[in-house]
1. Among the numbered criteria (1) touching a Leu at 6+ places or on another chain (Cβ under 7 Å); (2) away from every other protein chain (no Cβ under 11 Å); (3) crowded, with 16+ Cβ neighbours inside 10 Å, which single criterion is violated by A:THR127?
2. Hey, among B:MET202, B:MET206, which residue is assigned to a helix (DSSP H, G or I), within 11 Å of chain A (Cβ to nearest Cβ) and closer than 12 Å to A:ALA84 by Cβ?
3. Report whether or not A:GLY41 is within 13 Å of chain B (Cβ to nearest Cβ), on the phi < 0 side of the Ramachandran plot and among the small types (Gly, Ala, Ser).
4. Yes or no: segment B:23-32 includes at least one residue that is surrounded by 11 or more Cβ atoms within 10 Å (Cβ to Cβ) and within 18 Å of B:PRO101 (Cβ to Cβ).
5. In segment A:179-192, which residues are surrounded by fewer than 22 Cβ atoms within 10 Å (Cβ to Cβ) and part of a helix (DSSP H, G or I)?
6. Between B:ALA201, B:ALA186, B:ALA195, which is more than 24 Å from A:ALA97 (Cα to Cα), out of contact with any Leu (no Cβ under 9 Å at 6 or more places or on another chain) and in contact (Cβ under 8 Å) with a residue 40 or more places away in the chain?
7. Is it the case that B:GLY76 is under 20 Å from B:MET175 (Cβ atoms) and within 14 Å of another protein chain (Cβ to nearest Cβ)?
8. In segment B:204-222, how many residues are surrounded by fewer than 24 Cβ atoms within 10 Å (Cβ to Cβ) and in contact (Cβ under 8 Å) with a residue 24 or more places away in the chain?
Amino acid sequence: MRILSSSVGRKILMSITGQLLIIFILIHLIGNSTIFFGPNGINAYAEHLHSLPPLVWAFRLFMLAAIAVHIAYGVTLTLENKAANPGAYAVKRNLKASFASENMIWTGLLVLCFIGYHLLQFTIHGTPDVVVGLDSANRPDVFRMVVTSFGNALISLAYMFAMLMLFLHLSHGIPSFLQTMGWNNEKTIPAFGTGGKVISAILMLAYISIPAVILAGLLKL
Amino acid sequence: MNLTLHVWRQSGPKAPGKLEQYEAKNVSPDQSFLEMLDEVNEHLIKEGKDPIAFDHDCREGICGMCSQVINGVPHGGQERTTVCQLHMRRFNDGDTIYIEPWRALAFPIQKDLIVDRNALEKIMQAGGYTSCHTGGVADGNAILVPKQDADYAMDAAECIGCGACVAACPNGSAMLYTSAKVAQLAALPQGQAEAAERVCAMTEAMQEAGFGNCSNHYECMAACPKGINVKFIAKLNREYQKALFK
């Protein structure tokens, strides 16, 4: 199939999978924000979320497939692009390209490392900081787990750094997926550029607010 | 004014190249950049040295032949200006100027500042045309084109095919060049019949010629001496999606 091998086709697949991941980021943020309602908020949410295991696993496999496609094409397209540009200018001055646009592969791979760590920590409970237990209503105590782990400044700072990488990735990724889908014209090009940065910054700050609030002692056990 | 030039010198396609330093003395601010190089070359010839080889033709900013990366920007960074229309008044006495050829895998260096841009022609040959029966000249108004469509097509047709977009692109991609032709012909009734085949053939030819993939840095638009907008790349992407369902 042409879409799987052509230059534009693979970019469209990158764009669509990127959009799916952005939707996930939004849903995940809404879910995370239940922590502000205390143990009853996030513990009830988590229990509700996991009450249908087949659905949970179908969703996980779907997200895994989206990430796999996004990474596979991200890496191959980047390698092709590096090969197409010998990069031998003694002096090269960029007029428009940004740190974010030039480092998509690195911010993307760092976010991937974070996802691995994040799953190991809060899904598999494989890191030493994780406290697993049940709350008074006999639900998995997600609130205690998150507040305990984020109480460690190093863990919170690593999380914040990962969100900074996510911000950089999305600040180019959002306007870029709109352009690749062709949903763009002369007027929207600068607007989407600014809008992409603003939305990415809001997402970053919203995610960071959780460890920040815990570190500041505003959310405690 | 007096300038120090660092110019890429390479005797042939396979020869190793390097930057060499030259002094340009008593340069007039009214000279064009190419006239300044002409004078440097005259001195080199008088000294019995090989003059700096560079592409040029119309020297009016419309042919797309001149192709030099000046201080890291294709065509020197003056908005909507080709090298031949860049004037020395843009520089200051004592400036150091780096002059390099277009650099991309698809543009092999032939000599000094001259690169082979046949790869762009390969893209054009793949679909940058409309097929028609030859014969008597058709009536110019036989097919009416709305003014907006004609203007849009003309904006895209402004591309002079110099390749600055490729030279500026961190990915060595020719998407702006390719999209300008795809968008121009897709906007006109004459181009509709072959629109789907065209976008596929031209983007495939781009890939085969060794150009990279667009990752929306928009560096091309900033360097383009004709101000070709990346909205045409969005148009190409739309045309490609339409072609998928044909």
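Every number here is computed from the coordinates shown, using simple stated rules; none is lab data. Note that the structure is a prediction, hence the values are computed from the model and not measured. Glycine also receives a Cβ, built like all others from the backbone with ideal geometry; neighbour counts cover every protein chain displayed.
1. It is condition (3) that A:THR127 fails.
2. Result of the check over B:MET202, B:MET206: B:MET206.
3. No, not satisfied.
4. no
5. A:THR188, A:ILE189, A:PRO190, A:ALA191, A:PHE192
6. The unique qualifying residue is B:ALA201.
7. no
8. Final tally of qualifying residues: 7.
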